[in-house]
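> Before I ask anything, here is the structure I am working with.
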Amino acid sequence: KLEKDYNSLKNSFGIDNISYISDIRLISSAIGINRGINRFYEAGFVPHFEPLWKDRNRETFKTYSYPFETEGIIFDLDKVKVVNWLIDNKLLNIEHVNNDEEALDALFHINENTQEYEELKTLLHTFAHVLIRRSSLYTGLDSDSCSELLFVNTASFLIYSTSNINIGGFAFVFENSIFDWFRDAKLEVKDCVFDPTCIHETGSCFSCLYLPEYVCSEFNQNLDRDVLIGKKRYLKGFWD
């Protein structure tokens, strides 16, 4: 049964490998704030990001940093499937790849600020958000206590706990409920209470994919359920 479940993850979800990491060491830092978001300013004020200046002359700025240790799970997507998905959606103009070596070579040649890079980032980011939004049922951690890191050119992403207390939620789901977590995530991505508006416009909203901005490393950008299901903006969804 276990082998069948792992084959299901690879075939249905495009997952090649899942690894639990018990001792992730991270530093959370704040270097500035977005002015003009939470209060009214004088007429003509333009909202902008501003560093936390150290002095009135604005020559140097300061940071507030908090180091912490946590746990998480890293998800490696099937690189052959990822590259062939990009090709099928006419985002890469190369021949279909047949093995990991060819796929890795194609992925490492994808440059930032290109359409294929942004679409691959959307795939990884959406995948991570779908799992995070269903995490509380299996990890005991609500979505406010999780975050993600995206590794675009390796087609992988990390979901980790931001809680001050490590309750071992990701260890538990990794050992006991990883397949149920994925099955629930697949059901979650198909529908949104704001469909058909949501799926027709951007495929993401506060009801289906958004996370609090202090949780999301990308501020809820590069998200689209259609990247997985392929109904509107993609010729083929990654989960087709």
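The values are calculated or read from the model by the stated rules, or taken from the named source; none is laboratory data. Given the structure is predicted, the values throughout are model-derived calculations rather than measurements. Here the Cβ is made from the backbone with ideal geometry for all residues, glycine too, and neighbour counts use every protein chain on show. Heads up: the accessible areas ignore ligands, DNA and RNA and are worked out on the full protein's heavy atoms, side chains in. Shrake-Rupley method; radii C 1.70, N 1.55, O 1.52, S 1.80 Å.
> Once you keep just the Cα pairs under 8 angstrom separated by 6 or more residues, what percentage relative contact order results for the chain?
It comes to 20 percent, rounded to a whole number.
> I've got another one for you. Could you run the Karplus curve 6.51 cos²θ - 1.76 cosθ + 1.60 with θ = phi - 60° over region 181-197 and give me ³J(HN,Hα) per residue in whole Hz, x for Gly and Pro?
Working through the residues one at a time gives 4, 5, 5, 5, 4, 5, 5, 5, 7, 6, 10, 9, 5, 9, 6, x, 4 Hz.
> Now for a different question. What value, in deg cm²/dmol to 500, does the helix sum -39500 (n - 2.57) over DSSP H runs of n ≥ 4 give at 222 nm once divided by the residues of the chain?
Here the helix-only value at 222 nm equals -9500 deg cm²/dmol.
> Another question, then. Round to a whole angstrom and tell me the spacing of the C-alpha centers of region 202-220 and region 106-120.
22 Å
> Of all the accessible heavy-atom surface of region 101-186, with the other protein chains kept in place and a 1.4 Å probe, what percent is carbon and sulfur?
That share works out to 44 percent.
> If you take the beta carbon distance between residue 213 and residue 109 as r and set R0 to 41 Å, what does 1/(1 + (r/R0)^6) give as a FRET efficiency, to the nearest 0.05?
E between residue 213 and residue 109, to the nearest 0.05, is 0.80.
> Next question, about the same structure. Placing +1 on the Cβ of each Lys and Arg and -1 on the Cβ of each Asp and Glu in the chain, which of 82, 185, 45 has its Cα farthest towards the positive end of the resulting dipole?
Working it through, the farthest residue towards the positive pole turns out to be 45.
> Continuing with the same structure: Spin-label point model (7 Å from Cα, Cβ direction): what's the residue 61 to residue 22 distance in nm?
Label at residue 61, label at residue 22, 3.9 nm between them.
> Sticking with this structure for a sec: What is the sum of charges, Lys and Arg at +1 and Asp and Glu at -1, for the other residues whose Cβ falls under 10 Å from the Cβ of residue 22?
Around residue 22, the surrounding residues sum to -3.
> Nearest 20 debye, what's the magnitude of the dipole of the chain about its Cα centre given +1 on Lys and Arg Cβ and -1 on Asp and Glu Cβ?
In total the dipole reaches around 600 debye.
> Still on this structure, I have one more. Find me the longest stretch of the chain that has none of the exposed chymotrypsin sites (Phe, Trp or Tyr not before Pro), where exposed means in a DSSP loop (not H, G, I, E or B) with at most 15 other Cβ atoms within 10 Å.
It runs 46-193.
> Could you report region 82-240's accessible area per residue, 1.4 Å probe, as an integer in Å²?
48 Å²
> Convert each backbone phi in region 233-240 into a coupling constant with the Karplus relation 6.51 cos²θ - 1.76 cosθ + 1.60 (shift: θ = phi - 60°), then list the ³J(HN,Hα) values in order as whole Hz, x for Gly and Pro.
Listing the rounded values in order: 9, 10, 5, 9, x, 5, 9, 5 Hz.
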